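Okay, so here's the structure we're looking at.
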Amino acid sequence: MAVAIDECFLKQLPKLPTVSQKSADLCWLVYGLKRDDTGRFVLKLDRSLYTKFNPVLKKITRANPGSQDDFRKLLQSKLDKKLAGKVMVATVHKIEDISDIVVDED
């Protein structure tokens, strides 16, 4: 089976475990936009990746969740930015309630 894919999209995927062409179930045809001699963009085959189906399916569909601490720091950073210049008028018990208790300082 062959899958045509854009280079930019491939960069968004996790690193795919590759195998030899002879033992592959899938061939990923990786294309990019390149300028020809006239300056027009054309699709060019950059490379081919050979993979097994099941390992790639697992890799793509099962996300690595990362650490809870990093996730909490990211959420806190986003919350801090959201609350900049605002005053809390109550205690937050559920994240869904935050819009009810945050007011503009104006």
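The values are calculated or read from the model by the stated rules, or taken from the named source; none is laboratory data. Remember, it's a predicted structure, so these values are computed and weren't measured experimentally. Cβ placement follows ideal geometry from the backbone for every residue including glycine, while neighbour counts extend to all protein chains displayed.
Can you tell me which of Gln68, Gln12, Gln21 is polar (S, T, N, Q) and within 16 Å of the chain's Cα centre (by Cα)?
On the way: Gln68 fails: within 16 Å of the chain's Cα centre (by Cα); Gln21 fails: within 16 Å of the chain's Cα centre (by Cα).
Answer to the selection: Gln12.
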Top-ranked residue of segment 1-30 - restricted to ones that are within 13 Å of Pro55 (Cβ to Cβ) and of a type in the set (Ser, Thr, Tyr), ranked as surrounded by the most Cβ atoms within 10 Å (Cβ to Cβ): Thr18
Scan segment 73-96 for residues that are charged (D, E, K, R), loosely packed, with under 11 Cβ neighbours inside 10 Å and at pLDDT 75 or above and jot them down. Lys78, Asp80, Lys81
By residue number, the members of segment 38-79 that are hydrophobic (A, V, I, L, M, F, W, C) and more than 30 Å from Ala24 (Cα to Cα) are Phe41, Phe71, Leu74, Leu75, Leu79
Has segment 26-34 got at least one residue that is of a type in the set (A, V, I, L, M, F, W, C), at pLDDT 90 or above and either in contact with a Pro (Cβ under 6 Å, 6 or more places away or on another chain) or in a helix (DSSP H, G or I) (or both)? no
